[in-house]
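The values are calculated or read from the model by the stated rules, or taken from the named source; none is laboratory data. In this text, all values refer to a predicted model and were calculated from it rather than measured experimentally. Counting neighbours? That spans all protein chains shown, and the Cβs are built from the backbone with ideal geometry, glycine included.
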Amino acid sequence: MELRFHLRRVGNAINLATPFGLLVARIGGARWSGGPRGLLQAEGYRLGFPYAEAFTIGNVVIARESWDEQLRRNPRLLEHEEAHTWQWFYCLGLPFLLAYSACLAWSMLRTGDRALGNFFERQAGLESGGYITPPATD
């Protein structure tokens, strides 16, 4: 594993984001396994919150369905969720929740959508996250 991925994995463990992610996954009934680049992929999340097909806490990427099914529908979703792992890292863990919530509220006020004006979703890539559909090409 590249040093930067190891650094992110260790950092998100120390800042308690990854242990919190594993707890949320467990409470939501998800099973997890090791994924690429130091990620932990959880699937089968059953709670209604947060409202998303997939979300990330620390180095834990959590999906409602299997990751195979998620990636069949959106092959770039893991790329998007992995970008959020770096955001957890540079926000020093749990403070990311406050920053993300503020950006979500700002986005709702400005655009009426939770992602379009959200700094963190824009930085992770709106299209790769499935928030916007690319225009059809002829």
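General remarks:
Quick grid of which residues meet (1) in a loop (DSSP other than H, G, I, E, B); (2) crowded, with 18+ Cβ neighbours inside 10 Å; (3) free of Cβ contacts under 8 Å to residues at least 40 places away in the same chain:
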position: Ala52; (1), (2), (3): yes, no, yes
position: Ile62; (1), (2), (3): no, yes, no
position: Glu65; (1), (2), (3): yes, no, yes
position: Pro75; (1), (2), (3): yes, no, yes
position: His84; (1), (2), (3): no, yes, no
position: Trp88; (1), (2), (3): no, yes, no
position: Ser101; (1), (2), (3): no, no, yes
position: Gln123; (1), (2), (3): no, no, no
position: Ile132; (1), (2), (3): yes, no, yes
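- Qualifying residue in the stretch 29-38 (condition: among the basic types (Lys, Arg), part of a helix (DSSP H, G or I) and in contact with a helix residue (DSSP H, G or I) (Cβ under 7 Å, 6 or more places away or on another chain)): yes
- Of the residues in the stretch 15-37, not one is surrounded by fewer than 16 Cβ atoms within 10 Å (Cβ to Cβ), at pLDDT below 95 and either β-branched (Val, Ile, Thr) or closer than 16 Å to Gly129 by Cα (or both).
- Among the residues making up the stretch 1-19, those that are outside any helix (DSSP H, G or I) and more than 16 Å from the chain's Cα centre (by Cα) are Met1, Glu2, Asn15.
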